[in-house]
Amino acid sequence: MTQHAEQSLAPSSGSSSRWWVGATKHQWQTFRSAYLGWMLDIMDLMLFAMIITSVGKDLGFDKGAAGLVASATLLASAFGGLVFGFLADRIGRTRSMVLSILCYSVGTALCGLSANVWQLMVFRVVVGLGVGGEWSAGSALVSESWPARHRGKVLGWVQSAFASGYALAAITAAVILPLFGWRWVFVVGLLPALLAFYIRRHMGESEIWKNQTERLTLKESLRVLFKDHAATTTFGMALMITAMCGYWGLFTWIPTYLSTPVADGGAGLDLVKSTTWIVIMQVGAAIGFVSFGYISDAIGRRATFVTFFVVSAVAVPLYLLIKEPLVLMAFGVVVAFFGTGFYSGFAPTFAELYPTSIRATAQGVVYNGGRAVSAVAPAIIGFSADRFGLGSGLLLTSMFFALAALVVLLFLPKQKAIELE
């Protein structure tokens, strides 16, 4: 780890849980913009997962091909994280957010025009580019705008937008698909573009970024990232790859698992029930996101990460054994709580491990680079499902969660919040 990472990371004084008390207008603007941007980002990203069966039937591809489309989207997010992250460091966090939101909104709408699986894959790559960039800029903006003693809690609340976006995707598909077909589900994904215009009009830059006079070139940024901070970057990639293989392998296919007949290895729920179960799971995810922020601010991020990963590794096989629908719904909340809540730790952890000059670039590369490698998970699960059944494929995700816990134990120092400069 770098000297910056290894120094004493004592929390600021007065670490009240009432993080909203005394917040400035600018801080609230960053919170709203990042929350909405992340929610709509995830909505557009997950729409495909909600309608895989309908799209595949119409365009003529199987679960393996669907897994490749999902993987291509995640792979593109790595490049998007690099490009928009660099732009966030170079031209500002707000401007980069606007461009990334426009990118994923237009890409999602174009998916509705797909005539075959290859066109769909191209348009989903466009979605991935924007999705990768939005997180890079938004997480840096919030990290730099809120005090250290509340950073984990605030970013936990922002990260909870992930659950809102996932649930919104499920609701959108459930309402639009039966009435207008899958193409119009994608067209709804154009709506986030309206948020981009709001942000451009009302959102200012962080003072920390404006006070940072050093504007590195892309070559210089990559040198600092992969040479000066090589150990931190290597750890970050390992953590992201293992954790996200667990997440994307599981939650890309959860909607399909719930609606697949029991005879074919699924839960056998109808459209209404499977949609309801997904939305309820996202309640658990939202609570998990927020809880991670409070817990990590109290006991440190390493202990919190390990707890969430270990419980996830145990919970997945138990979830797949459940056949009673109501028990499946209730335990799904537990799976979502631990299996997604750990995401809240990524932004504050890596914001504090990198300097302002490369913060957004670093977060974009580490987060989305890991997500790109984890793109193999949906494809692996998809091909495994075609051969052994979906339930058997999903068991692999438990191994990834266990590996993530090991990475944290071995390489993440005990860490609490520091003020950013």
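Summary table
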quantity: Subset of segment 130-160 (residues that are touching a Gly at 6+ places or on another chain (Cβ under 8 Å) and either of a type in the set (S, T, N, Q) or surrounded by fewer than 24 Cβ atoms within 10 Å (Cβ to Cβ) (or both)); calculated: Ser136, Arg149, Trp157, Gln159
quantity: Single condition Ala385 does not satisfy, out of (1) part of a helix (DSSP H, G or I); (2) over 23 Å from Ala70 (Cβ atoms); (3) more than 19 Å from the chain's Cα centre (by Cα); calculated: (2)
quantity: Residue within segment 110-133 that is closer than 30 Å to Gly293 by Cβ and not in a helix (DSSP H, G or I) present; calculated: no
quantity: Complete set of residues in segment 55-87 that are charged (D, E, K, R), surrounded by fewer than 21 Cβ atoms within 10 Å (Cβ to Cβ) and in a helix (DSSP H, G or I); calculated: Lys57, Asp58
quantity: Scope segment 267-288; condition under 21 Å from Ser312 (Cβ atoms) and at pLDDT below 75; matching residues; calculated: Ala267
quantity: Only listed residue being closer than 20 Å to Ser259 by Cα, at pLDDT 85 or above and surrounded by fewer than 21 Cβ atoms within 10 Å (Cβ to Cβ), chosen from Val327, Val335; calculated: Val327
quantity: Residue within segment 160-180 that is more than 17 Å from Gly37 (Cα to Cα) and either in contact with a Cys (Cβ under 9 Å, 6 or more places away or on another chain) or not in a helix (DSSP H, G or I) (or both) present; calculated: no
quantity: Subset of segment 274-304 [surrounded by fewer than 24 Cβ atoms within 10 Å (Cβ to Cβ), in contact with a Ser or Thr (Cβ under 6 Å, 6 or more places away or on another chain) and of a type in the set (Lys, Arg)]; calculated: none
quantity: Search result, residues across segment 226-266 that are aliphatic (A, V, I, L, M) and at pLDDT 80 or above; calculated: Ala230, Ala231, Met237, Ala238, Leu239, Met240, Ile241, Ala243, Met244, Leu250, Ile254, Leu258
quantity: Qualifying residue in segment 349-359 (condition: closer than 30 Å to Ile280 by Cβ and either touching a residue at least 24 places away in the same chain (Cβ under 8 Å) or acidic (Asp, Glu) (or both)); calculated: yes
quantity: Only one of Thr217, Thr234, Thr307, Thr242 that is buried (at least 21 other Cβ atoms within 10 Å of the Cβ) and polar (S, T, N, Q); calculated: Thr242
quantity: Cβ pairs under 6 Å, 6+ apart, first in segment 17-31 and free of Cβ contacts under 8 Å to residues at least 12 places away in the same chain and over 13 Å from Glu207 (Cα atoms), second in a loop (DSSP other than H, G, I, E, B) and of a type in the set (D, E, K, R); calculated: none
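The values are calculated or read from the model by the stated rules, or taken from the named source; none is laboratory data. Everything quoted here is computed from the prediction, not taken from an experiment. Glycine gets a Cβ as well: all are built from the backbone with ideal geometry, and neighbour counts include every protein chain shown.
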